[in-house]
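Written out below as structure tokens is the structure these notes cover.
Here, each number is a calculation from the coordinates, and none is a lab measurement. All of these numbers come straight from a predicted model, not from anything done at the bench. Cβ sites come from the backbone with ideal geometry, for glycine too, and all protein chains shown count toward neighbours.
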């Protein structure tokens with residue numbers, strides 16, 4: 001606060017406190033409110049959206065399982081990647097979702113919605129004797 005007001009903290013000028021809704025942050029916010037009477041707590045929009053996405057994701061376990069299996073199926077496999085490019089020309093490879101980045105998870109779900117039939121075609125063509133991951137993916141997809 002001294003960076004903002006080197007001549008002295010102006011307690012009535014602190015109006016908003018942005019943080020996530022973690023219990024320790026809520027507790028800290030309540031404690032700080034005693035010093036700053038006009039301060040209001042606002043949950044960070046990114047954190048709020050992340051919590052909504054987590055809630056949706058927890059209710060869609062089949063979708064999570066499918067995306068996870070597909071990611072493992074094509075991860076570090078030049079053969080499967082080439083097969084994908086051959087069977088689905090013009091379709092880019094699936095994005096890699098990162099669990100801590102809700103935007104990437106939404107992008108992956110959107111990708112599979114848009115390209116469901118192409119990805120399914122590739123999965124069906126994968127050799128049955130391939131890795132367990134591939135078998136799991138087929139079981140999830142078909």
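At-a-glance table
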| item | result |
| --- | --- |
| Ratio Rg/Rh [Cα only; Rh per Kirkwood] for the chain | 1.26 |
| Distance cut-off 16 Å, percentage of C-alpha pairs in region 1-43 lying past it | 38 |
| Relative contact order of region 22-120, pairs being alpha-carbon contacts under 8 Å that are 6 or more residues apart, as % | 18 |
| Rg to Rh, two decimals, where region 8-80 supplies the alpha carbon set and Rh follows Kirkwood | 1.32 |
| Estimated inter-spin distance, residue 118 and residue 61, nm [label 7 Å along Cα→Cβ] | 3.2 |
| Residue among 27, 121, 71 with the largest mean-square fluctuation in a Gaussian network model of the chain, springs linking Cα atoms under 10 Å | 27 |
